[in-house]
Every structure is written in C-alpha cells, then in structure tokens.
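J.: Below are the structure tokens for one structure; questions will follow.
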Number of protein chains: 4
Amino acid sequence: MVALLHVHPSREPDLLEPDRLQLHPAIESSEYIDGFGNRCTRFVAQPGQIRLFNSTLIADSGMPDEVNENAREVPVGDVPSEYLCYLLNSRYCEVDRFSNIAFELFGHITPGWARVKAICGWVNWKVTFSYAHARPTKSALDVYTERIGVCRDFQHLAITFCRAMNIPARYATGYLGDIGVPVSGPMDFSAWFEAYLEGRWWTFDARHNAPRIGRVLMAVGRDASDVAITTSFAEANLKHFSVVTDEVRPDSVPAPEIAILQPDGE
Amino acid sequence: MVALLHVHPSREPDLLEPDRLQLHPAIESSEYIDGFGNRCTRFVAQPGQIRLFNSTLIADSGMPDEVNENAREVPVGDVPSEYLCYLLNSRYCEVDRFSNIAFELFGHITPGWARVKAICGWVNWKVTFSYAHARPTKSALDVYTERIGVCRDFQHLAITFCRAMNIPARYATGYLGDIGVPVSGPMDFSAWFEAYLEGRWWTFDARHNAPRIGRVLMAVGRDASDVAITTSFAEANLKHFSVVTDEVRPDSVPAPEIAILQPDGE
Amino acid sequence: MVALLHVHPSREPDLLEPDRLQLHPAIESSEYIDGFGNRCTRFVAQPGQIRLFNSTLIADSGMPDEVNENAREVPVGDVPSEYLCYLLNSRYCEVDRFSNIAFELFGHITPGWARVKAICGWVNWKVTFSYAHARPTKSALDVYTERIGVCRDFQHLAITFCRAMNIPARYATGYLGDIGVPVSGPMDFSAWFEAYLEGRWWTFDARHNAPRIGRVLMAVGRDASDVAITTSFAEANLKHFSVVTDEVRPDSVPAPEIAILQPDGE
Amino acid sequence: MVALLHVHPSREPDLLEPDRLQLHPAIESSEYIDGFGNRCTRFVAQPGQIRLFNSTLIADSGMPDEVNENAREVPVGDVPSEYLCYLLNSRYCEVDRFSNIAFELFGHITPGWARVKAICGWVNWKVTFSYAHARPTKSALDVYTERIGVCRDFQHLAITFCRAMNIPARYATGYLGDIGVPVSGPMDFSAWFEAYLEGRWWTFDARHNAPRIGRVLMAVGRDASDVAITTSFAEANLKHFSVVTDEVRPDSVPAPEIAILQPDGE
C-alpha cells in the first residue's frame, strides 16, 4: 500500500511541525520520492483494520494564488524535458481526442495566461458540481459530454484542454481550507491544477475559478491516477475518512491541520 | 518534436559504432534521459520536410531471450518504489477493468514465470495478427474484445493482465531482426514487454511467444504512449519510414542496423 | 413525454380493474402501441409539477415462472423475422464485442435451456448487486468488467451473452412483488429478460436466478433504452417515485397494485 | 442471413423492371418487411461461396433532392408515435452525450430547415472523408472527436445532432450514381439521412451537403446497424463486392442499375 499523505517537498521548508504519517497498528513503513517528485510512504498492511493519521502545522503566506496576466506560453521546444509528459495523454486526459474541440473553443484566445483563464472559465461555467455524479472511471471526455462532476473532474477537463493547446498542465492535490470564503461542509482533500507558463508552474482551479488562500500542496502528477491519496494493491475498503484544514492565526491557540484516514487493510 | 531513436542506455556498452541521430536539414538538437530511463533527442522542426536517420552497429550475445522457469513473483511490498508505476493503469492498459477477468483466467496458474507464460500463451492463442486492424486508440480492452491487432496490441493486453495479477510489467520497443526465423517482409520497429520477477526484468513477447535472438532495446515505458518513436507537438505527416535490422557476423562485411524515418515537419 | 405505465397487451385479458394512467393536472393524452408491441401513453407536459398515477388489479396464475429444461434453441434461419432484432447490437448490449467472450464461457454448454441457465448462473454469481453503482450509461461491457450493478445491469449482460450465442433475447420490465420471498425494502419496477427457445419467449432473471411468482409484464424491448418508464424530450426532474405491488388473495379485501410517479414537468 | 438489397417499398411504384434478389447457388429465400418498413430477404446459406446479385431499372424524376427552406420543426408532442424512436439513442448515435454540445453549436440557429442545414454544414466542414479511417465500431462521438470518417460517419454525427435538438432523424441507405457531378471512382452503396420537418421526411446528406440527383432509397433505420446491407448470424467473409449505378436516358440503350455482392457463406 502506498500513501501520498505528506506535504509536497516544495512546501517542506514551511513546516512548523513534523509531517509524519502515523499508522495504527504501528507497522514498518518507508518513504521515497516518486517519479513526479512527491514524497510517498509505502508499507505492507496486514489483514484487519488500519488507521492512517497525520497532523501538522505549516506556515502560509496568507496570500491568494499568484496571478500574472502577462505570463506567456512557452514554445514546446523550450519546455524542460522533464515536463514534456505533461503535454501527453494520460489515463483520465484523452488529449488526442480533444485537439479539434480545444482549438475550436480556445484557438482564438490570446495565448498564455488569458487562454488558461478562458479554459478555467469555460469549465467552471459549463460543468455543474455534484458529488452524486462522481465515479472512478470518469475521464475528461465524460466530463465534457456529461457536464457534471466533482473537483477532480473539473481539473481533468481543464488540464486536457490545456495540453490539447500545447500548454503543459498537471494535476495537483492537497489541503484547501475554507479561508476567506464561506464554510462549505465536511472537508475533503482538494484538487486543482498547475499550468506551465513563463518558465514556471502556476496554480489554477477550474472548480472555484478564483484565487484562494491557503492551498497546501501534497502531490502533483499527470492526473488523479498518479496522485491517489492511497493506492492499494489488494482489496481495501475505506471505512472512515476525515480531513480538517484550518487556519491558525499567530495569536491564537494552535489548531493544526489534521488528516485522518481509516481504511481497512486487506 | 521528440524522437526515441537511440539504443537504450542499458545497451550502450555494447555499441561498436556511435549511435547518433542525424537530422536533414541539420538543426540543433539536444539529448536527455526521460522519466523511464530512455535516451531521447528533442529538436524544433521547421516547416517542410525533415529526415531522421540513424545507423549503428551493436554487439549481441547471439543468445535467445533468457528463460528462468523458477523466477518467482515479487510481493508488491518488495517491488522497488520506482517500479510501482508498472502496476497501475496507463493510457492503453485499463488494469482496473481487468481485475476480475485476469483472475478468472490466470488465478489458478502457479504464480511467477508460469503465470506470465500462461498470459503470453493465452494472448498469442486468442489474438490474431492483422495490420489492417491497427488503430492508434486501441486499448487492451479493445484487444480483449476484438481479438485482433498488431504487435503492440498483443503486448498491451499481456501487460494489462500481468498488472491485474500484481506483476509489474512494462512495454518495450526496439529492433528485432529476423534472426533464426523466416524473414517476415518489410521490417518495422518491434514491441515486446518486460515482467518483473525474482528481482529483475525479463523479456516476454506475447506476439511471437518464443525466445528470439537479437533484440536491441530502445525504450521502455508503461505502454506505447510513453515510447512513441517520435512525438510531435504539432501536425506532422510521416511520408516514408524504413527500418533495416540485420545480423553482421564477425567474419563478414559490416551491414549495420539502420533506421530511417522521414516525417515531414509541421 | 412518453410513459410506459400500462400492463403489456399480452396481460390485458387478466385485468380485473381498468388500467388507466391518470395525470394531475389533467392534460390530454393519447395511447399507442410502439414498435415492440407495448402500450404507451404520450402527452405534452406543461411547465410545473405533474403527477402520474396508476392503480389496477390483475389476476395471476400464482404459479412461478415456467421452466422447460428441454426447450431447444431455434436455428437463426427459423427465428421469426420480427424477432431478428433481438439478436443484434443495441444501445446497452454490445453483442459484437462479446462474440469471443461468450463463446469461451458458454460454447461448451448444451444449447437451449441449459445454456441460457448457465448464462443466468454466471451473471448472478459474478455480478454483485449495488444501487450505489448504478449509472444511466452503464453497458453490458461495463457490467462485465466492473461486476457490479443493479437489476437492469444483470439483465443487459445476460441478454448480450444470449445474443452473442445466437439466442434471441429481449429486455422486460414490469411489476414484481415480494411474493413467496422475504420482503426486500421499498419497491421499484423490476427488470428481467426473455429468451426465445422452442418457438416462444420464456422468462429468465439473471438478478434473482430463481423462478418467481407474480411478475406482471409492462413492456419489452431490446434493452432498457426501449422501455424507459418515462421518456422526456425536455428537461424533467423526478421528484418522487413510489411503487407498491402486492398480492390480493381472493378472500381478502382488495389492495391493488399501485404505481405512483411524480416527475416534474419541464 | 438477412439481406437488405431491394429498393424501398416507397419507391416500388417507380420500378420499370422487377427487383428480385438472385442467389447462386439457388437457395430458398423469403421476403418480409422489417420494423422500419424495409423489404428484406432472408435465407440460410450453406457453407461455401454464395453470390448475391440484383439488377433493376427504376424511373426517377431527374430532380435534385427537394428543398423547403420554410419547413418548420415539429413539436415533439406532434411527432407521430412511430417516429419517436428517431429521437432516441441508438447504437452509433449517443444522443444523450450530445445534448450540451448540440445546444452550444446549434441552439442559436433558427429552428427547422435552417438548423438541419447548419448541422449538415458543420459536419461537412469539420469532418474529413477518408476510407482509411473507417471502422465498424465508430460512433457519432468518435466522429466528433476524430473528425474523420466515411459516408456513414458523417450521417451518424448529423443524425445525432438533430436528435439532440429534438428533430427526428433517421439513417438512409441506397444507390447514388455520380449524376451531374464528377465521377468519383468505384461505386459503393451510399448513405444519407432524413429529417422530419413540417410533417414529413426530407433528404439531407452531410457528406455531400448539396442536393443530388438520382438517389434510390433502399432502407431506413435508426442508424447503420439497422440497415446493414447484409446481416449474418455466423461467420461470413465478403470476398468481392461491386455496385454499379448509372443513368439510363430514355433514348439510350438500357444499362440498368446493378448490385453485386459476393460474400462467402459460413
């Protein structure tokens, strides 16, 4: 079993408390960095119930997602080689089936930031959020035809549009508290995406389509299949699942970010 | 444009002549190692015709693919972290849709070498080879239902079965001359696959289903989408394509391996 | 809007009370027999809420589904022309993708009744019932790979297997009370299927896989898309839905079968 | 085996010579009218080669396809019940997946003739004709994403758009000689479609997108799966196939329309 339950290495310098995944019962586990640069914990679960728990505290700028309306597209020839994979098809992103559709919808938009924003705007406008319409096999093409889905479905469609327009785009997952926005019910991990413009990655979110405060990146990959919170190579049933992400103001009693996962082992 | 037209780094020690991709007209290109360990050449093609050419000479053991009927399966917990990706879904390999099917077909076979052989045998027996039925979107599930396809389709189905049985499997592409077998018409690059057993990768080939002599590995990946011979990020039409792979006996005049590709640039 | 909310013409002689669909508010409606022989009501709904209601009483033999273990397959050449459509692909039944799979699973079973029973047994054994895994686009191939679904999914897979073995099979929907079996919670319309053997249609049910008492046929078709209880050609939201099917013994106060549907009009 | 190799009953009054399907070797066959109103011949082929042949002469108005730019859409409530099936999903026409796409593309076009013309225009403009990209499983959604295909693919996409806009549309197949247009190579059966406007069916052709002279209708259905020229319920290989459709001017020696099909029996 592999768990992606750490903050992303890029955010490790911000950690104010250790970020250590706890397993109950305690079993041996090891950490490694996967091919996309994410820190993973792997372990062999025994039959029976197993509880995964993590809680930490992280410093955040308190600033909303950065915006740079002048960010330009990077010609494919200049995209760093390690990012070329973010231009290709992946499990949930059928880039090849979208080349005509994307060009028709976004071919006339100014390349660069404006085009990615247009993509987010279109997806956000056209797709309706509904937990009831989630399913693990839903691909970008399904989202495009059904126009309904959850967080990750919004991002998959936007990512696929970006790639079809030759803009590297990758899936991101992490914590996102309801900071500066109305509280929206029980928390979950959140998904957003990153687009590569002007020589670096920028955060976009086709679900919320507005800059947000307090994203804590956990993992990036080509799509949701690369950054599953847990990947199990045998049968495992998730019994209970709870995420709490909250703001701890400097002058208040610390109420740290907490992630609790309680899948059953095989 | 990215070209995978080098021998795999693992075979570089065997090279007797340089392995250098030539572009006509000459344009600047650079090499890098991709996330799967393959050597790639990338370049920006100008509009018009471009010719890719490579020719080299490599030493080969002259031995058929290694066989180890005692090779055991590696428990998922012991699979090296960098190989876990070869257990998951990929573009052409819908592992999650095959878990029941694979278990029904191969669950009763002795784990390890015998199981991978049974998989190759089943695919080889059930699928018919036909160039006329190739198409770029054909996935393992399509091969399973249609039972017809080319080289890569055979390997995709076998790989998917292996992964569904928790055996890491990866797609391999390279040169394979008609050495020791009847000559089979115009040459092409060949596809086979590797399965991870007993702590290392072993060559299998669901298309030929028999050990062969003289495979020269070029690239490995999760499936054909990772190891396309050329990947183009704009429109490109392949005008002509020719591969010659031949044996050069120590006492004969060298007639080296040759790869010629002539895609048009955008 | 079209509603299939009548008993099938073949059961009309058994009606002890009129079978009349009531609309509230009362709007003009008309009846017709569709291409599959089902009695339909069509009407134009005004915006706002509309309530469909029907209640009737029907005489039933009280006998379980007929069994004839000697029923033989009908050679395709002798299948009546109007039933040839029940051998072909339809929306949810990808017969062409199953020809190899069906032959591998059922090719060795004695043709006729035994083969259809083997198909029902396989589907019943391999597929798990789950309301949570229903979705309107689920096809027989999805059921085959996912092995989970509702009533109609079981029948779609069984129908597809039958057709792939050249046995005409059609989808059936109707009332099925919990008569002679434990009561199973809130009622719904039920789906089963019919196979054409020995010159007539026989009832099979891959979901329950046992003869049942008290089926009241409403409609038959190639698959669920032909016999939707209601088909709406504009947006309509089903607000409430209730079905009561119960046994009225000759000596008891009549408590008739009741179907209540309350979709909202556009 | 079932063959659809007659002119459509609606054109029978125009026949100047008998329209009789000949089988070699001569075997017993019978005719019937299928559920869509087409005249079919069915027969049981013995193993070995079988030759189907038909040749007839038909009177044609010599006028191009009728045009009525004022033809209005028929409200769904007024569509005759027997045509409601031409509003629904069928094997190659995933109407439900197109509701959003169709509305975005054609929602702003004047309903009626102009909208169907806009649909034909869009399909004709966006889809490229290519025999090399035909495949029997290609659906309207595939055509929409791939933008390449043959005759029937054009019509399937147009039909699906029409239905998604609540315009009944059905697939039509028949003879279409190169009359009044440049000769276009070896002949084949042709596909077009009909849309229901102003109380009747009108001919449209998303492939040619221009009125043509000399269409001879053979069969209509929901899509190509309903009107296969031949449907075989066992293995059959088509060895040779030839269609000649030509104009016979009143003053010339008759050179009748000829259809030759030479599939092998099982």
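The values are calculated or read from the model by the stated rules, or taken from the named source; none is laboratory data. What you see is a predicted model, and the numbers here were worked out from it, not measured in a lab. Using ideal geometry, Cβ is built from the backbone for each residue, glycine included, and neighbour counts are taken over all protein chains shown. Only protein heavy atoms, including side chains, enter the accessible area calculation; ligands, DNA and RNA are left aside. Shrake-Rupley method; radii C 1.70, N 1.55, O 1.52, S 1.80 Å.
J.: Provide a single number: the residues in the range A:59-79 that are assigned to a loop (DSSP other than H, G, I, E, B) and surrounded by fewer than 19 Cβ atoms within 10 Å (Cβ to Cβ).
T.: Keep residues of the range A:59-79 that are assigned to a loop (DSSP other than H, G, I, E, B), which gives A:59-63, A:65-72, A:74-75, A:79.
Among the residues that remain, those that are also surrounded by fewer than 19 Cβ atoms within 10 Å (Cβ to Cβ) are: A:59-63, A:65-70, A:72, A:75.
Of the residues in the range A:59-79, 13 are assigned to a loop (DSSP other than H, G, I, E, B) and surrounded by fewer than 19 Cβ atoms within 10 Å (Cβ to Cβ).
J.: Among the residues of the range C:195-219, what is the count of those that are more than 13 Å from the chain's Cα centre (by Cα) and more than 21 Å from C:ASP60 (Cα to Cα)?
T.: So the answer is 4.
J.: Out of all the residues in the range B:127-142, which are at pLDDT 85 or above, assigned to a helix (DSSP H, G or I) and more than 20 Å from B:PHE98 (Cβ to Cβ)?
T.: B:TYR131
J.: Could you look through the range A:234-252, keep only residues that are assigned to a strand (DSSP E or B) and in contact (Cβ under 8 Å) with a residue 60 or more places away in the chain, and pick out the one that is least open to solvent (accessible area, probe 1.4 Å)?
T.: Initially, the range A:234-252 is screened for residues assigned to a strand (DSSP E or B), giving A:238-244.
From what is left, the residues that are in contact (Cβ under 8 Å) with a residue 60 or more places away in the chain are A:239, A:243.
On the way: A:LYS239: 129, A:VAL243: 7 Å².
Checking each candidate, the answer is A:VAL243.
J.: Sort out which residues of the range A:71-88 are within 24 Å of the chain's Cα centre (by Cα) and without any contact (Cβ under 8 Å) to a residue 40 or more places away in the chain, and write them in order of number.
T.: Just the residues of the range A:71-88 that are within 24 Å of the chain's Cα centre (by Cα), to begin with: A:71-74, A:76, A:79-88.
Across the range A:71-88, the qualifying residues are A:PRO80, A:SER81, A:GLU82.
J.: Pairs please, first residue from the range A:17-42 and at the interface with another protein chain (Cβ under 10 Å from one of its Cβ atoms) and closer than 29 Å to A:CYS85 by Cα, second anywhere and of a type outside the set (S, T, N, Q) and open to solvent by 80 Å² or more (accessible area, probe 1.4 Å), Cβ atoms under 7 Å, 6+ apart in sequence or on different chains.
T.: So the pair list comes out as A:GLY35/B:GLY35; A:GLY35/B:GLU82; A:CYS40/A:GLU31.
J.: Go through the range D:131-159 and give me each residue that's more than 12 Å from chain A (Cβ to nearest Cβ), over 16 Å from D:SER225 (Cβ atoms) and open to solvent by 20 Å² or more (accessible area, probe 1.4 Å).
T.: D:TYR131, D:ALA132, D:HIS133
J.: Conditions first: (1) in contact with a Leu (Cβ under 8 Å, 6 or more places away or on another chain); (2) part of a loop (DSSP other than H, G, I, E, B); (3) surrounded by 15 or more Cβ atoms within 10 Å (Cβ to Cβ). D:ARG11 passes all but one, so which condition is the exception?
T.: If we test D:ARG11 against (1) in contact with a Leu (Cβ under 8 Å, 6 or more places away or on another chain); (2) part of a loop (DSSP other than H, G, I, E, B); (3) surrounded by 15 or more Cβ atoms within 10 Å (Cβ to Cβ), just (2) comes out false.
J.: Please state which one of D:PRO182, D:PRO168 is within 14 Å of chain C (Cβ to nearest Cβ) and on the phi < 0 side of the Ramachandran plot.
T.: On the way: D:PRO182 fails: within 14 Å of chain C (Cβ to nearest Cβ).
Going through D:PRO182, D:PRO168 in turn, the sole match is D:PRO168.
J.: Would you mind finding the one in B:ILE159, B:ILE167, B:ILE179 that is touching a Lys or Arg at 6+ places or on another chain (Cβ under 8 Å), assigned to a loop (DSSP other than H, G, I, E, B) and more than 24 Å from B:SER61 (Cα to Cα)? Break it down into steps so the answer makes sense when it comes.
T.: On the way: B:ILE159 fails: assigned to a loop (DSSP other than H, G, I, E, B); B:ILE179 fails: more than 24 Å from B:SER61 (Cα to Cα).
Testing whether each residue is touching a Lys or Arg at 6+ places or on another chain (Cβ under 8 Å), assigned to a loop (DSSP other than H, G, I, E, B) and more than 24 Å from B:SER61 (Cα to Cα) leaves just B:ILE167.
J.: Turning to a different aspect of this structure: I'd like the residue in the range B:210-222 that is open to solvent by 30 Å² or more (accessible area, probe 1.4 Å) and touching a residue at least 12 places away in the same chain (Cβ under 8 Å) and, out of all such residues, is farthest from B:VAL2 (Cα to Cα). Please lay out each step first, then the result.
T.: Our first condition is that a residue be open to solvent by 30 Å² or more (accessible area, probe 1.4 Å); within the range B:210-222, this holds for B:210-211, B:213.
From what is left, the residues that are touching a residue at least 12 places away in the same chain (Cβ under 8 Å) are B:211, B:213.
Numbers: B:PRO211: 31, B:ILE213: 29 Å.
In this case the residue turns out to be B:PRO211.
J.: Among the residues of the range A:41-58 satisfying the criterion of being open to solvent by less than 40 Å² (accessible area, probe 1.4 Å) and more than 18 Å from A:VAL243 (Cα to Cα), which is farthest from the chain's Cα centre (by Cα)?
T.: From the range A:41-58, those open to solvent by less than 40 Å² (accessible area, probe 1.4 Å) are A:41-43, A:45, A:48, A:50, A:52, A:54-58; that's our starting set.
Those left that are additionally more than 18 Å from A:VAL243 (Cα to Cα): A:41-43, A:45, A:48.
Values: A:THR41: 18, A:ARG42: 20, A:PHE43: 23, A:ALA45: 26, A:GLY48: 30 Å.
Here the answer is A:GLY48.
J.: For the structure I just gave you, tell me whether B:PHE36 is open to solvent by less than 80 Å² (accessible area, probe 1.4 Å) and more than 22 Å from the chain's Cα centre (by Cα). Full working, then the answer.
T.: Details: open to solvent by less than 80 Å² (accessible area, probe 1.4 Å): yes; more than 22 Å from the chain's Cα centre (by Cα): no.
For B:PHE36, the condition - open to solvent by less than 80 Å² (accessible area, probe 1.4 Å) and more than 22 Å from the chain's Cα centre (by Cα) - is not met.
J.: For residues that are within 14 Å of another protein chain (Cβ to nearest Cβ) and not in a loop (DSSP other than H, G, I, E, B), scanning just the range D:107-124, find the one that is surrounded by the most Cβ atoms within 10 Å (Cβ to Cβ).
T.: Per the criteria, the residue is D:VAL123.
J.: So B:PHE103 ticks every box in (1) in contact (Cβ under 8 Å) with a residue 60 or more places away in the chain; (2) aromatic (Phe, Trp, Tyr); (3) open to solvent by 10 Å² or more (accessible area, probe 1.4 Å); (4) away from chain C (no Cβ under 14 Å) but one. Which box is left unticked?
T.: Going through (1) in contact (Cβ under 8 Å) with a residue 60 or more places away in the chain; (2) aromatic (Phe, Trp, Tyr); (3) open to solvent by 10 Å² or more (accessible area, probe 1.4 Å); (4) away from chain C (no Cβ under 14 Å) one by one, B:PHE103 breaks only (4).
J.: State which residue is modelled with the highest pLDDT when the search covers only the range B:200-209 and only residues that are in a loop (DSSP other than H, G, I, E, B), open to solvent by less than 50 Å² (accessible area, probe 1.4 Å) and of a type outside the set (D, E, K, R). Can you show your working first?
T.: Within the range B:200-209, the subset in a loop (DSSP other than H, G, I, E, B) is B:205-209.
Right, trim to open to solvent by less than 50 Å² (accessible area, probe 1.4 Å) and you get B:205-206, B:209.
So of that shortlist, the ones also of a type outside the set (D, E, K, R) come out as B:206, B:209.
Working: B:ALA206: 97, B:ASN209: 92.
Across the range B:200-209, the extreme among qualifying residues is B:ALA206.
J.: Only one residue in D:GLU69, D:GLU73 is charged (D, E, K, R) and within 14 Å of another protein chain (Cβ to nearest Cβ). Which one?
T.: On the way: D:GLU69 fails: within 14 Å of another protein chain (Cβ to nearest Cβ).
Just one listed residue meets the conditions, D:GLU73.
J.: I would also like to ask the following. Looking at (1) in contact with a Leu (Cβ under 7 Å, 6 or more places away or on another chain); (2) without any contact (Cβ under 8 Å) to a residue 12 or more places away in the chain, which is the only condition C:ARG135 fails?
T.: Just one mismatch for C:ARG135, condition (1).
J.: Could you check how many residues of the range D:81-98 are more than 9 Å from chain C (Cβ to nearest Cβ) and surrounded by fewer than 18 Cβ atoms within 10 Å (Cβ to Cβ)?
T.: Going through the range D:81-98 one residue at a time, the tally reaches 1.
J.: Another question, then. Can A:PRO64 be described as more than 9 Å from chain B (Cβ to nearest Cβ) and within 22 Å of the chain's Cα centre (by Cα)?
T.: On the way: more than 9 Å from chain B (Cβ to nearest Cβ): yes; within 22 Å of the chain's Cα centre (by Cα): yes.
So A:PRO64 passes the test.
J.: If you go through the range D:223-233, how many residues are within 13 Å of chain C (Cβ to nearest Cβ) and open to solvent by 20 Å² or more (accessible area, probe 1.4 Å)?
T.: Quick first cut of the range D:223-233, residues within 13 Å of chain C (Cβ to nearest Cβ) only: D:223-228, D:230-233.
Add one more test, that the residue is open to solvent by 20 Å² or more (accessible area, probe 1.4 Å), and what stays is D:225-226, D:228, D:230-233.
Residues flagged as within 13 Å of chain C (Cβ to nearest Cβ) and open to solvent by 20 Å² or more (accessible area, probe 1.4 Å) within the range D:223-233 amount to 7.
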